[in-house]
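Down below is the structure, laid out as structure tokens.
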Amino acid sequence: VYRDGIEGVTTVEAAETHPEVPDVVTLGECLTQAYHSDWQGPDTTRSQVVLYYGSFRQAAHDDPDFHWEEQLQETIVHELKHHLESLADEDALEAMDYAMDESFKREQGEPFDPWYFQWGDPLGEGMYGVDDEVYIERGFSSEEFDQLEEVDFTWEGVDFRIAPPEKQGDVHFVVVEGIDLYLQIVLLRQASWRRRLRGALTPSSKPPVVLQSRAQARPVAPPGDE
């Protein structure tokens, strides 16, 4: 089914940079052409997968641990998923690409969308996955945050706690240590209904306060085991 509607795979010798993040090379892309029809399918949606050999070569030069065969397979599968979503008229993969781009901007210290993680794969209520990262959001009003002693969360059936950061901010990314996973607790400031109403009546262009800190996770013993 992956090959339905695929015209072929083309290799380009030159490297291709990301349109919005010039420091990142684009390994491949899916060029899709939809033909006018009342329904979408392999007969009306045709795609060409393009692989940039120069980008692979540049990535291998920059990263000594770069695995050509593994990255080639991952890139082809990723682009084929773009084609399948074009057939289904879905935007999930584009949303993931957006989340990954914004995550990279954050890592590079560039301006980014602080709610980018919400464009990732839903893993549960208030939980999102972006590539190999997991984000768990928690909302607190200013009053609730001031009285907060610990922040609880659950991962893979195990309950954990972390100490809250000193400052709340509007969006606070807390990188959790002590877990074999890149997991972040995202603390979101929740406004009261009066403040939300006042903000709607007097809109402000003031950017949100975005903070980042680290905290050590502590497993919570089941009742009776403490």
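The values are calculated or read from the model by the stated rules, or taken from the named source; none is laboratory data. Because the structure is a prediction, the values reported are computed rather than measured. For neighbour counting, all protein chains shown are included, and Cβ atoms are generated from backbone atoms with ideal geometry for every residue, glycine included.
Observations
- Residue selected from segment 187-226 under the condition at pLDDT below 60 and surrounded by 10 or more Cβ atoms within 10 Å (Cβ to Cβ), by the criterion nearest to L148 (Cα to Cα): S192
- Within segment 124-138, being more than 10 Å from the chain's Cα centre (by Cα) and at pLDDT below 90 holds for G124, E125, G126.
- Contacts under 6 angstrom Cβ, first residue in segment 120-131 being closer than 14 Å to A95 by Cβ and surrounded by fewer than 18 Cβ atoms within 10 Å (Cβ to Cβ), partner among the acidic types (D, E) and at pLDDT 85 or above, 6 or more apart: G129/D121
- Within segment 8-46, the set of residues being at pLDDT below 80, surrounded by 13 or more Cβ atoms within 10 Å (Cβ to Cβ) and in contact with a strand residue (DSSP E or B) (Cβ under 6 Å, 6 or more places away or on another chain) comprises T32, A34, T45, R46.
- Scanning segment 103-118 for residues that are touching a strand residue (DSSP E or B) at 6+ places or on another chain (Cβ under 9 Å) and not in a loop (DSSP other than H, G, I, E, B) yields S103, R106, Y116, F117, Q118.
- Selection within segment 149-179: residues that are closer than 19 Å to V210 by Cβ and surrounded by fewer than 18 Cβ atoms within 10 Å (Cβ to Cβ). The member of this set that is farthest from the chain's Cα centre (by Cα) is E166.
- Some residue of segment 145-152 being closer than 20 Å to A99 by Cβ, at pLDDT below 95, in contact with a strand residue (DSSP E or B) (Cβ under 6 Å, 6 or more places away or on another chain) and not in a loop (DSSP other than H, G, I, E, B): no
- Filter result for L183 (part of a strand (DSSP E or B), out of contact with any Gly (no Cβ under 8 Å at 6 or more places or on another chain) and either in contact (Cβ under 8 Å) with a residue 24 or more places away in the chain or not assigned by TED's automatic domain parsing to the domain that holds H18 (or both)): yes
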